[in-house]
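Trainee: Once you've had a glance at the structure underneath, I'll fire off some questions.
The values are calculated or read from the model by the stated rules, or taken from the named source; none is laboratory data. These figures come from a predicted structure and were not determined experimentally. Every residue, glycine as well, gets a Cβ built from its backbone with ideal geometry; the counts of neighbours run over all protein chains shown. Surface accessibility is based on the protein's heavy atoms, side chains included, excluding ligands, DNA and RNA. Shrake-Rupley method; radii C 1.70, N 1.55, O 1.52, S 1.80 Å.
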Amino acid sequence: MEGHTGHDSPAHGSFAAPDCPTLNALLPAFLFHELIGCGDRGAVYRAQQMSLSRDVAIKVLPPELSAIESFARSFKVEARAMAKLIHPNLIGIYDFGEVAGMLYLVMEFIDGNVLHRSTKGRKVEPVQAAEIVEGVARGLGEAHQHALLHRDIKPGNIMMNIDKKTGRPVAKLGDLGMAR
(Lines give C-alpha, C1' and ligand atoms only; values in the text may rest on other atoms or scores of the structure.)
Protein backbone atom coordinates (compact mmCIF):
# COMPACT_ATOMS: atom_id res chain seq x y z
CA MET A 1 0.00 0.00 0.00
CA GLU A 2 1.41 3.27 -1.07
CA GLY A 3 2.79 5.39 1.74
CA HIS A 4 2.62 2.55 4.24
CA THR A 5 5.69 1.05 5.83
CA GLY A 6 4.19 -2.35 6.55
CA HIS A 7 5.79 -2.31 9.98
CA ASP A 8 2.74 -1.71 12.16
CA SER A 9 3.35 -3.08 15.60
CA PRO A 10 0.39 -4.42 17.52
CA ALA A 11 -0.79 -2.42 20.49
CA HIS A 12 -0.58 -3.96 23.94
CA GLY A 13 -3.04 -6.85 24.16
CA SER A 14 -3.72 -6.93 20.43
CA PHE A 15 -3.24 -9.76 17.96
CA ALA A 16 0.38 -10.86 17.51
CA ALA A 17 0.46 -11.24 13.72
CA PRO A 18 2.27 -14.27 12.30
CA ASP A 19 5.29 -13.42 10.16
CA CYS A 20 5.31 -13.92 6.39
CA PRO A 21 7.52 -17.06 6.37
CA THR A 22 5.12 -18.75 8.82
CA LEU A 23 2.13 -17.90 6.63
CA ASN A 24 3.99 -19.02 3.48
CA ALA A 25 4.37 -22.44 5.11
CA LEU A 26 0.74 -22.57 6.28
CA LEU A 27 -0.81 -21.31 3.02
CA PRO A 28 1.49 -22.45 0.18
CA ALA A 29 -1.01 -21.29 -2.48
CA PHE A 30 0.10 -17.75 -1.60
CA LEU A 31 3.42 -15.97 -1.33
CA PHE A 32 3.18 -13.47 1.53
CA HIS A 33 5.19 -10.29 0.91
CA GLU A 34 4.45 -7.90 3.78
CA LEU A 35 2.30 -7.06 6.74
CA ILE A 36 0.14 -4.09 5.76
CA GLY A 37 -1.56 -3.48 9.10
CA CYS A 38 -2.42 -5.12 12.39
CA GLY A 39 -4.94 -4.51 15.16
CA ASP A 40 -7.00 -6.30 17.79
CA ARG A 41 -9.25 -8.00 15.23
CA GLY A 42 -6.61 -9.25 12.82
CA ALA A 43 -3.72 -8.58 10.49
CA VAL A 44 -3.75 -7.76 6.78
CA TYR A 45 -0.98 -8.85 4.42
CA ARG A 46 -0.08 -8.25 0.79
CA ALA A 47 0.46 -11.59 -0.91
CA GLN A 48 0.57 -13.14 -4.36
CA GLN A 49 -1.98 -15.79 -5.29
CA MET A 50 0.38 -18.20 -7.05
CA SER A 51 -2.17 -19.99 -9.28
CA LEU A 52 -3.43 -16.76 -10.86
CA SER A 53 -0.27 -14.69 -10.45
CA ARG A 54 -2.17 -11.77 -8.89
CA ASP A 55 -1.69 -9.64 -5.82
CA VAL A 56 -4.24 -10.14 -3.05
CA ALA A 57 -4.79 -8.87 0.46
CA ILE A 58 -5.25 -11.53 3.12
CA LYS A 59 -6.79 -10.77 6.47
CA VAL A 60 -5.88 -13.26 9.21
CA LEU A 61 -8.00 -13.27 12.36
CA PRO A 62 -6.74 -14.04 15.87
CA PRO A 63 -7.19 -17.62 17.11
CA GLU A 64 -9.26 -16.27 20.02
CA LEU A 65 -11.94 -15.11 17.56
CA SER A 66 -11.72 -18.23 15.42
CA ALA A 67 -12.25 -20.39 18.53
CA ILE A 68 -15.67 -18.85 19.20
CA GLU A 69 -17.98 -21.24 17.34
CA SER A 70 -20.76 -18.69 16.77
CA PHE A 71 -18.23 -16.14 15.45
CA ALA A 72 -16.62 -18.67 13.10
CA ARG A 73 -20.03 -19.75 11.77
CA SER A 74 -21.08 -16.11 11.25
CA PHE A 75 -17.73 -15.29 9.58
CA LYS A 76 -18.23 -18.07 7.03
CA VAL A 77 -21.82 -17.05 6.24
CA GLU A 78 -20.80 -13.40 5.84
CA ALA A 79 -17.75 -14.27 3.69
CA ARG A 80 -19.99 -16.20 1.29
CA ALA A 81 -22.47 -13.32 1.15
CA MET A 82 -19.72 -10.71 0.62
CA ALA A 83 -18.13 -12.78 -2.17
CA LYS A 84 -21.33 -12.35 -4.19
CA LEU A 85 -20.87 -8.57 -4.20
CA ILE A 86 -19.15 -7.39 -7.35
CA HIS A 87 -19.06 -3.62 -7.58
CA PRO A 88 -16.39 -1.02 -8.45
CA ASN A 89 -16.80 0.65 -5.05
CA LEU A 90 -16.51 -2.54 -2.96
CA ILE A 91 -13.34 -4.49 -2.25
CA GLY A 92 -13.79 -7.93 -3.84
CA ILE A 93 -13.72 -11.08 -1.74
CA TYR A 94 -12.06 -14.09 -3.42
CA ASP A 95 -11.90 -16.83 -0.79
CA PHE A 96 -11.82 -17.65 2.91
CA GLY A 97 -10.69 -20.50 5.10
CA GLU A 98 -9.09 -21.55 8.33
CA VAL A 99 -5.50 -22.59 9.00
CA ALA A 100 -3.69 -23.27 12.29
CA GLY A 101 -6.79 -22.18 14.20
CA MET A 102 -6.98 -18.81 12.41
CA LEU A 103 -9.74 -17.76 10.03
CA TYR A 104 -8.58 -15.85 6.97
CA LEU A 105 -10.16 -13.87 4.15
CA VAL A 106 -8.60 -13.43 0.68
CA MET A 107 -9.51 -10.08 -0.89
CA GLU A 108 -8.78 -7.83 -3.82
CA PHE A 109 -5.52 -5.96 -3.24
CA ILE A 110 -5.92 -2.20 -3.52
CA ASP A 111 -2.70 -0.44 -4.44
CA GLY A 112 -3.75 2.71 -2.66
CA ASN A 113 -4.26 4.01 0.82
CA VAL A 114 -7.02 4.31 3.36
CA LEU A 115 -8.95 7.55 3.12
CA HIS A 116 -7.68 9.03 6.38
CA ARG A 117 -4.06 8.57 5.22
CA SER A 118 -4.77 9.82 1.71
CA THR A 119 -6.22 13.09 2.96
CA LYS A 120 -4.18 13.64 6.13
CA GLY A 121 -2.85 17.15 6.35
CA ARG A 122 -4.50 18.44 3.22
CA LYS A 123 -7.84 19.89 2.24
CA VAL A 124 -10.14 17.70 0.17
CA GLU A 125 -11.65 19.66 -2.67
CA PRO A 126 -15.49 19.71 -2.64
CA VAL A 127 -15.74 17.87 -5.98
CA GLN A 128 -13.44 15.10 -4.77
CA ALA A 129 -15.31 14.86 -1.45
CA ALA A 130 -18.58 14.48 -3.36
CA GLU A 131 -17.02 11.74 -5.55
CA ILE A 132 -15.83 9.87 -2.46
CA VAL A 133 -19.25 10.08 -0.80
CA GLU A 134 -20.96 9.04 -4.03
CA GLY A 135 -18.66 6.02 -4.43
CA VAL A 136 -19.20 4.89 -0.85
CA ALA A 137 -22.97 5.34 -1.26
CA ARG A 138 -22.95 3.28 -4.48
CA GLY A 139 -21.02 0.49 -2.74
CA LEU A 140 -23.39 0.59 0.22
CA GLY A 141 -26.35 0.49 -2.16
CA GLU A 142 -25.00 -2.68 -3.75
CA ALA A 143 -24.47 -4.26 -0.31
CA HIS A 144 -28.00 -3.28 0.73
CA GLN A 145 -29.38 -4.89 -2.46
CA HIS A 146 -27.93 -8.14 -1.11
CA ALA A 147 -29.33 -7.55 2.40
CA LEU A 148 -25.92 -6.67 3.89
CA LEU A 149 -25.67 -3.69 6.20
CA HIS A 150 -22.16 -2.30 6.78
CA ARG A 151 -22.02 -1.22 10.42
CA ASP A 152 -18.58 0.38 10.53
CA ILE A 153 -18.34 3.16 7.95
CA LYS A 154 -15.23 5.20 8.71
CA PRO A 155 -12.25 6.63 6.79
CA GLY A 156 -10.13 3.62 7.83
CA ASN A 157 -12.49 1.30 5.92
CA ILE A 158 -12.47 3.34 2.72
CA MET A 159 -9.58 2.68 0.36
CA MET A 160 -8.61 5.18 -2.29
CA ASN A 161 -7.60 3.59 -5.57
CA ILE A 162 -6.78 5.07 -8.97
CA ASP A 163 -9.01 3.96 -11.85
CA LYS A 164 -6.66 2.64 -14.56
CA LYS A 165 -8.90 3.86 -17.39
CA THR A 166 -9.65 7.38 -16.17
CA GLY A 167 -6.76 8.08 -13.80
CA ARG A 168 -9.32 9.41 -11.29
CA PRO A 169 -9.44 8.40 -7.62
CA VAL A 170 -12.07 5.79 -6.73
CA ALA A 171 -13.35 5.08 -3.23
CA LYS A 172 -13.62 1.37 -2.41
CA LEU A 173 -15.40 0.30 0.74
CA GLY A 174 -13.94 -2.62 2.65
CA ASP A 175 -14.09 -4.42 5.94
CA LEU A 176 -17.61 -5.65 5.69
CA GLY A 177 -16.67 -7.94 8.59
CA MET A 178 -19.05 -5.91 10.73
CA ALA A 179 -21.84 -6.39 8.18
CA ARG A 180 -25.15 -7.89 9.12
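Trainee: Please go through region 13-33 and pick out each residue that is touching a residue at least 24 places away in the same chain (Cβ under 8 Å) and surrounded by 14 or more Cβ atoms within 10 Å (Cβ to Cβ).
Mentor: Of everything in region 13-33, those that are touching a residue at least 24 places away in the same chain (Cβ under 8 Å) and surrounded by 14 or more Cβ atoms within 10 Å (Cβ to Cβ) turn out to be Ser14, Phe15, Ala17, Pro18, Cys20, Leu23, Leu26, Leu27, Phe30, Phe32.
Trainee: Just to verify a result, which residue in region 34-59, among those that are open to solvent by 50 Å² or more (accessible area, probe 1.4 Å) and modelled with pLDDT under 95, is nearest to Phe96 (Cα to Cα)?
Mentor: Arg41
Trainee: Hey, any hits in region 80-94 for a residue that's at pLDDT 90 or above, over 15 Å from the mean Cα position of the chain (by Cα) and aliphatic (A, V, I, L, M)?
Mentor: no
Trainee: While we're on this one: All but one of (1) of a type outside the set (A, V, I, L, M); (2) open to solvent by 30 Å² or more (accessible area, probe 1.4 Å); (3) closer than 19 Å to Ala29 by Cα hold for Gly97, so report the exception by its number.
Mentor: (2)
Trainee: Applying the selection to region 114-161, what residues are in contact with a Gly (Cβ under 9 Å, 6 or more places away or on another chain) and exposed (fewer than 14 other Cβ atoms within 10 Å of the Cβ)?
Mentor: Passing the criteria: His116, Asp152.
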